[in-house]
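These notes concern the structure reproduced below.
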Amino acid sequence: MKSQIADELECVKAKYPAERAALLPALYLAQRKYGWLSAEAMDEVSRELRVPKATVRGVATFYAMYRHKQVGRNVIQLCTNVSCMILGAERLVDIIREKYGVEPGGTSADGRFSLVIMECIGACGTAPAMLVNTDFHESLTQENIVTILEGYR
Amino acid sequence: MEKVLLANIDNPKSAEIGVYEASGGYDSLRKSLELAPDDIIETVKKANLRGRGGAGFPTGMKWMFASKDPKFPKYLVCNADEGEPGTFKDRPILEKNPHILIEGMAISGHALKAEFGYIYLRGEYPAAKGILEEAIRQAEAKGYIGDNMMGSGRNFKLAVHQGAGAYICGEETALIESLEGKKGHPRIKPPFPVNVGAWGMPTIVNNVETLSNMPFLMRVGPEAYAAIGSKECPGPKLFCVSGHVNKPGVYELPMGVTLREIIYDHCGGIKNGKTLKAVIPGGISTPVLPPDKIDCPMDFVNMPKHGSMLGSGAVIVMDESVCLVKVCLRALKFFEHESCGKCTPCRDGVSWLRQVLARIEGGEGRPGDIELLSEVAGNITGKTFCPLGDGAASVVLNFIKHFRDEFDMHIARKGCPIK
Amino acid sequence: MIKVTINGREVQLDKQVTILEAARRAGIKIPTLCHFEGLEMYGGCRLCLVEVEKMPRLQTSCTLMVTDGMVITTESEQIAAARRGMLEFILTNHPLDCPFCDKAGECELQDLVYLYGGTEGRFTEPKAKHPESNVDPILARNIERCISCTRCVRMCDGVVGASAISMINRGRHTVMEPFSGGKFDCEYCGNCLTVCPVGSILSRLYKETYRPWQVERTVRTVCGHCGVGCSYDLQVRDEAIKRVIPRIGEGLNRGLLCARGRFGYEFVGAKDRLKKPLVRRDGNLVETTWDEALGFIAAKLSEVIKTHGGEAVAGIASVRCTNEDNYVFQKFMRGVVGTNNIDSAARMGFSGAQAYLESLRGQGVSANVIAGLAKSDVIFVAGGDPTMVTPILGLEIRGAAKKGAKIISLDPAPGLEFFNPHKIVPSLFAEGAVLESLLCRAVSARGMTGELPHLEEAIRAAVSAECAGVAAQSGVPDAEIEKASATISGSQSPAFVIGPDIVQRADGNRNLFLLAALSYVTGGRIFLLSGKANEQGAVDMGCLPDTLPGGRPLAIDGFRKRHEDACGMSVPAREGLSLMEMFPAMADGRIKALYVIGENPAFNLPGGNSIKSALEKLDLLVVQDIFLTETAKMADIVLPALSWAEKDGTFTNLERRIQRVRRGVNREGREDWRILCDLAGRMGAAMEYASSEAVMSEIARVSPVHRDLHYSDIEAGAMQWPYHGEPLRGEASTVSLVTASARPTVGSGRFALLVDRPLFQSGTLTRRSKALLKLIPKATVKMNPLDAASLGISGGIVRVSSDAGSVELEAVIDSSVQMGAVKISNHFEGAGVFGLMTKPPVDPVTKAPAFEGCLVAVEPLKGDAKS
Ligand SMILES: Cc1cc2nc3c(=O)[nH]c(=O)nc-3n(C[C@H](O)[C@H](O)[C@H](O)COP(=O)(O)O)c2cc1C
Ligand code: SF4
Ligand code: SF4
Ligand code: SF4
Ligand code: FES
Ligand code: FES
């Protein structure tokens, strides 16, 4: 019974002198496949890399970008760190909350959006900024944010 | 000044290897491969190149330590974790000028006799991952890197390792742990990574910008390089400016340019004609400066003499509309969120600071809170495992030092006086 | 030589150590919380801060190595303030619920706060709340109290190698959790509990039942479960064991324990312990007095002896009783009854295997120190998972693997899965072919030294076949075996760990021969696993039909005579019956009386009803035990004995180390040896000892191996084979090797029945330990996923039937079970694996029953059949 992520993982493992180093990439692979890191997903990674599953979980929960519950179809990752904050990021949180009914850390009832508050995402010169899934959106305003988000179904 | 790190950056195809080659790309590598590794290290020492990751450690010295260690293989790791809030200087290199980094790493790999390189890329830069991997493929296809680089008999394999959202992984030993597939807990030092690093082997960790200086440095030679900018700390430097300036963005300027020049000459001054209230000169961990302290030369040697640090060169400019208690609180939220949890003072102390600040900001400050903040910060300072916790304490101490009034006012008026 | 100055005193050190260690050696104590001897360095709590001259910051003494000329100050106002600061930080997240915390009184945090003084409670923000987790049957987890020192994780991960828990999340939200977030589902060794400095990990066995300072007695003894023999302290209050705690760094276990050792003590205080002698009247067992009971036995036994001769009596000694008990027992049987029909459950594999290995390679061949495994570069594991059979020995293998030793496991050993084992999984019962192929290759790679000519001759005869050809029979690709062979041949110090599964086979002696030969050719050491506390002791005390105490064959007149002179009693010249030979003899009337101490043949021996019906034929069945076991229920007389926690004596572990067992709990009742002496007196023979120590003095006189060995010597450390004694030199001059087909032929059905040996259960005693019972509450049958699928089984109740009977059990799908096999354990009444076995064949060389692999059928049951 070969795991579905096994093939891709083989290429990843080849990059490192030790299998264990493939843990972060493996978690990404599992997350891409399942949408989030359920116990089963972590167990699968554990078996593939021969890293004990509690260790896998310890690592997976350390990093902010791994998801430990089901998330929406689109993940809004909005920065509220200082450069974004002083240029109005907090107001954007309110707009997202009001418009899509999603709280920071939560998911909208229709499963369309999850909202994650981010630390600096390296777009401070064009603040406020967000990542939706893997797309950067910068120089956000109270107006354009809605237009942008409407592009995600 | 000639743009070095950001050359070609306005060309929409700047990430293509052809564009890079057209402007002399990979010539430095060719030249360097003809030099003995130790001669390159000597050159770097002479040029007085200092690490651009934040601490400004002399790169040549670090390389010498690593080079002297008899163990092989050695690993060269590029720190592309760029997590210090306010910092976005490495991103244009990663996304728009990847070949300068690859060439820089190949030269450095040769100098260090390291045959394996990793770019530790923060998870928040998903686009850069694809760009870097494509650039690596191109460079390999052209024989610049990989086995037998340009027929030199030297090998250099390069791979991208993606982080997953942890500021602490910018700290080099935490980064190495993370590269090995572990949590980003900093390691006990000594031993230092140059002796015992990734997988127990000598490992050199350098910032993106540091490594990207190499093609230029090798092209012009140490003397010409050292002639740029500050005497004590020369070279081109990326400054990333955000906040209330007219023209925020990344600027490549000589080391030693003053903060005032950056804000007023290069970035067009404060937005909407407002007045400057405070500047964080080198990323959120560096001490905040009031408007009367901005005539400081921005380099690793001189900034500490002016009460702050160069850090990552991330200048955050704040005008009169900003509540500094709120900024301080936001900074502490960041540190609390990013504390790895390993050591007591950072894990529990920083959280305590944040909680007190939150109370003050929320209008529930009490007399004595500021003294409490100072004492708690004092109990953290100098006792943490790594600089993150110290940085958090220093943020609080410096905000209080320069803007105590604003804190007092919050407590007295039970809320923000600016609102 | 490194010289440092600590608090103005010069300290000399022969090697680089941490400042903390240097200070300790100078008698200076530095407070610590996250540091723990034997765990990986951490440096997180920041309590051990000290001043070091020329260093601007305070330094953590637990991580910084001394260098020559270093000047260190460990106490100053600055340091005290820093430590007070750290404690204050820790207390911002600590509930201070000491009044009802189990740890109060032995809490490291409490002690430190007491030492450095409390702070004025400047932290006025709300504290994080985490309700205590009590979902696990054994361990409670109170995360509010956790100080994130990670000692538990470093123990579980770095030392135990179970890696069942981790610190999850980060920063302030860091908490210790098992994978599930609730139940630990781990190996339940409790070693995390040993190291937790505060009351975050608690044993539910005694939680909130007493305070540490209320312990009345702490007694150092040895664990009574497996053959490793871990040291620990029993803590007793009101004549009940409150807990078992190991002493870090001490004993061969260095302070580590396994689940059975740490949590398997509740049987001692079980309600159904026997209290009074029982005698059968009108078919029922009724209480009686000691006097009457012993009088009855004396009369009845004398009668049997008089009518049928001593040889009509047989005795089964105990692998759970002390050396003293077993010595006295064999002396009673030989000297008073007049028979050599003595054996013990060690015959199930251990004793015959050892005797055979010794005949090939010399006495003491398996007397190797467990800690020595750490020095092996290759460890070959065959015949069972050492992390389950002998857990602490298993940890030693894991430790070696962590240091780079290569593990080769013949058949899966799930407990070694994360230690990079090279797994060789032959088709069922084809291990012998793999071993033969390995031996063949080893001989051609290494040649032979000529040291043991008769063994070499046998090896040459055994490996005449072509190496690869044999391998083909095993179903393992040749390249696999070649790889393993290269690993073994390249080893400087290989170790061969032999478990029971490979012995209890129709081809057991051949497997042993091949392993002995392989270890001989490669210069390897042998570790023979023993699942019971004193199997080795029963053997060394002469509870064998052919051997006297000290390993002397009784058939040799010289040895027998010398023994008779030394103990003052005569010994019959004829060898007796071995364990599995006794039952047919009972069935056909050659044996009329059976005396059993601390053993439960009706349940613990394979053969199903044939054992019981043999027992029914007896004129007299005497059982000494602590419980009314299946066997005791059939007895004419049952005598209540004392458990290992209630008596003094010694155990001999699998490395042949002799260790003291000490009385922790006072209980009315008699040691087995005392009962036997009383009985001997009533039968006209004088056997009197003032104490178990006096018994040992006689052993020291009688057994050449134990010569001059007294309790004082054992306690002083002269406990390692061959003590001051004299093992028999030389090996047997002929090699007996009987090749039989390995495939089981007993029974009918598609599946080979294997014995499951789980970590948490080992039979009668653990079944009465409530905590362990919770971990495996009912019997199950484990099977391979593919086999299960082919029968349409995905769990639920199935019927397993053999010629001997059938049981209904829950099916558990487990990919570590080989195709074509099913595994059932032997610890639940009415559902033990042995009950399903028809009379198994007996290995002609080891005399061990070849019960592995009797054939059974499995069928799914509709609905929820009762089991
Ligand atoms: C908390 C912390 C975060 C850091 N983050 C970064 C970072 O994001 N990028 C970086 O280049 N260096 C970072 N550093 C500095 C690195 O530890 C290291 O000094 C640097 O990568 C060395 O490269 P350089 O010599 O080229 O500057 C960080 C250090 C600390 C203590
Ligand atoms: S100061 Fe301590 S807790 Fe904070 S990030 Fe560094 S090691 Fe981790
Ligand atoms: S009981 Fe043993 S296996 Fe379980 S978590 Fe604790 S140390 Fe790990
Ligand atoms: S549970 Fe105990 S041992 Fe584990 S981290 Fe918490 S305080 Fe330390
Ligand atoms: S602060 Fe928001 S992107 Fe940097
Ligand atoms: S004991 Fe040294 S840091 Fe915890």
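The values are calculated or read from the model by the stated rules, or taken from the named source; none is laboratory data. These numbers come from a predicted model, not from an experiment. Note: ideal-geometry Cβ built from the backbone for every residue, glycine included; neighbour counts use all protein chains shown.
Scan (1) assigned to a loop (DSSP other than H, G, I, E, B); (2) more than 15 Å from ligand 4 (Cβ to nearest atom) for the single condition C:E10 breaks and write down its number.
(1)
Tell me, yes or no, whether segment C:347-361 has at least one residue that is farther than 20 Å from C:E480 by Cα, among the small types (G, A, S) and assigned by TED's automatic domain parsing to the domain that holds C:Y520.
no
Is segment B:325-341 home to any residue that is more than 9 Å from chain C (Cβ to nearest Cβ), more than 16 Å from ligand 5 (Cβ to nearest atom) and surrounded by 19 or more Cβ atoms within 10 Å (Cβ to Cβ)?
Looking through segment B:325-341, at least one residue is more than 9 Å from chain C (Cβ to nearest Cβ), more than 16 Å from ligand 5 (Cβ to nearest atom) and surrounded by 19 or more Cβ atoms within 10 Å (Cβ to Cβ).
Has segment C:122-135 got any residue that is under 25 Å from C:R243 (Cα atoms) and buried (at least 22 other Cβ atoms within 10 Å of the Cβ)?
No: segment C:122-135 contains no residue that is under 25 Å from C:R243 (Cα atoms) and buried (at least 22 other Cβ atoms within 10 Å of the Cβ).
Yes/no matrix, rows are residues, columns are (1) touching a Lys or Arg at 6+ places or on another chain (Cβ under 9 Å); (2) farther than 30 Å from B:L324 by Cβ; (3) within 16 Å of ligand 3 (Cβ to nearest atom); (4) not assigned by TED's automatic domain parsing to the domain that holds A:M130:
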{"site": "A:K15", "(1), (2), (3), (4)": "yes, yes, no, yes"}
{"site": "A:R20", "(1), (2), (3), (4)": "yes, yes, no, yes"}
{"site": "A:Q31", "(1), (2), (3), (4)": "yes, yes, no, yes"}
{"site": "A:G35", "(1), (2), (3), (4)": "yes, yes, no, yes"}
{"site": "A:E40", "(1), (2), (3), (4)": "no, yes, no, yes"}
{"site": "A:V56", "(1), (2), (3), (4)": "no, yes, yes, yes"}
{"site": "A:L87", "(1), (2), (3), (4)": "no, no, no, no"}
{"site": "A:V93", "(1), (2), (3), (4)": "no, no, no, no"}
{"site": "A:I96", "(1), (2), (3), (4)": "no, no, no, no"}
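Out of segment B:43-76, which residues are in a strand (DSSP E or B) and within 12 Å of chain A (Cβ to nearest Cβ)?
B:Y75
Of the conditions (1) surrounded by fewer than 16 Cβ atoms within 10 Å (Cβ to Cβ); (2) within 19 Å of C:V160 (Cα to Cα); (3) in contact (Cβ under 8 Å) with a residue 40 or more places away in the chain, C:E239 clears all except one; give me its number.
All conditions pass for C:E239, except number (2).
Residues of segment A:57-76 being under 12 Å from the mean Cα position of the chain (by Cα) and either at pLDDT below 95 or facing another protein chain (nearest Cβ under 8 Å) (or both), which ones?
A:Y63, A:A64, A:M65, A:Y66
Output the helices (runs of 4 or more DSSP H) that fall wholly within segment C:462-538 and possess 3 or more residues being of a type outside the set (D, E, K, R) and without any contact (Cβ under 8 Å) to a residue 40 or more places away in the chain, or say none.
Fully inside segment C:462-538 and qualifying: C:467-474.
Check segment C:111-131 and report whether any residue there is within 16 Å of ligand 4 (Cβ to nearest atom), within 11 Å of chain B (Cβ to nearest Cβ) and either among the β-branched types (V, I, T) or out of contact with any Cys (no Cβ under 8 Å at 6 or more places or on another chain) (or both).
yes
Hey, could you check segment A:118-145 for residues that are crowded, with 17+ Cβ neighbours inside 10 Å and among the β-branched types (V, I, T) and say which is farthest from the chain's Cα centre (by Cα)?
If we take residues in segment A:118-145 being crowded, with 17+ Cβ neighbours inside 10 Å and among the β-branched types (V, I, T), then A:T126 is farthest from the chain's Cα centre (by Cα).
Is it true that some residue in segment C:760-773 is under 27 Å from C:A259 (Cα atoms), within 27 Å of the chain's Cα centre (by Cα), among the small types (G, A, S) and not in a loop (DSSP other than H, G, I, E, B)?
Yes: segment C:760-773 contains one or more residues that are under 27 Å from C:A259 (Cα atoms), within 27 Å of the chain's Cα centre (by Cα), among the small types (G, A, S) and not in a loop (DSSP other than H, G, I, E, B).
In segment A:97-104, is there at least one residue being surrounded by 15 or more Cβ atoms within 10 Å (Cβ to Cβ), away from chain C (no Cβ under 14 Å) and either assigned to a helix (DSSP H, G or I) or in contact (Cβ under 8 Å) with a residue 60 or more places away in the chain (or both)?
yes
Which one is nearest to the other protein chains (Cβ to nearest Cβ), of the residues in segment B:348-369 that are part of a helix (DSSP H, G or I) and more than 31 Å from the chain's Cα centre (by Cα)?
Once the filter is applied, the top-ranked residue is B:R359.
So if I check each of A:A26, A:A22, A:A54, which one is surrounded by 22 or more Cβ atoms within 10 Å (Cβ to Cβ), more than 7 Å from every other protein chain (Cβ to nearest Cβ) and over 18 Å from A:M118 (Cβ atoms)?
Of the residues listed, the single one that is surrounded by 22 or more Cβ atoms within 10 Å (Cβ to Cβ), more than 7 Å from every other protein chain (Cβ to nearest Cβ) and over 18 Å from A:M118 (Cβ atoms) is A:A26.
Within segment C:157-178, identify whether any single residue is without any contact (Cβ under 8 Å) to a residue 12 or more places away in the chain, outside any strand (DSSP E or B), surrounded by fewer than 21 Cβ atoms within 10 Å (Cβ to Cβ) and away from ligand 1 (no atom under 16 Å from the Cβ), and answer yes or no.
Among the residues of segment C:157-178, at least one is without any contact (Cβ under 8 Å) to a residue 12 or more places away in the chain, outside any strand (DSSP E or B), surrounded by fewer than 21 Cβ atoms within 10 Å (Cβ to Cβ) and away from ligand 1 (no atom under 16 Å from the Cβ), which makes the answer yes.
From the list C:E417, C:E431, C:E457, pick out the single residue that is among the charged types (D, E, K, R), at pLDDT 90 or above, under 24 Å from the mean Cα position of the chain (by Cα) and not assigned by TED's automatic domain parsing to the domain that holds C:L256.
The unique qualifying residue is C:E417.
Name the residue that is nearest to ligand 1 (Cβ to nearest atom), counting only residues in segment A:71-95 that are in contact with a strand residue (DSSP E or B) (Cβ under 7 Å, 6 or more places away or on another chain) and part of a loop (DSSP other than H, G, I, E, B).
Here the answer is A:T80.
The rows are residues; the columns are (1) over 30 Å from B:G249 (Cα atoms); (2) touching a Phe, Trp or Tyr at 6+ places or on another chain (Cβ under 8 Å).
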{"residue": "A:L37", "(1), (2)": "yes, yes"}
{"residue": "A:D43", "(1), (2)": "yes, no"}
{"residue": "A:R50", "(1), (2)": "yes, yes"}
{"residue": "A:V59", "(1), (2)": "yes, no"}
{"residue": "A:R67", "(1), (2)": "yes, yes"}
{"residue": "A:N81", "(1), (2)": "no, yes"}
{"residue": "A:I96", "(1), (2)": "no, yes"}
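With respect to C:P137, determine if the residue is within 25 Å of C:L775 (Cα to Cα), outside any helix (DSSP H, G or I) and away from ligand 4 (no atom under 13 Å from the Cβ).
yes
Considering only residues that are within 12 Å of chain A (Cβ to nearest Cβ) and on the phi > 0 side of the Ramachandran plot, which ones fall in segment B:282-312?
B:G283, the sole residue that qualifies.
Just give me the residues in segment B:269-281 being part of a loop (DSSP other than H, G, I, E, B), more than 15 Å from B:K293 (Cα to Cα) and more than 13 Å from chain A (Cβ to nearest Cβ), in sequence order.
B:G269
Given the residues C:V735, C:V665, which is the only one that is in contact with a Leu (Cβ under 9 Å, 6 or more places away or on another chain) and at pLDDT 95 or above?
C:V665
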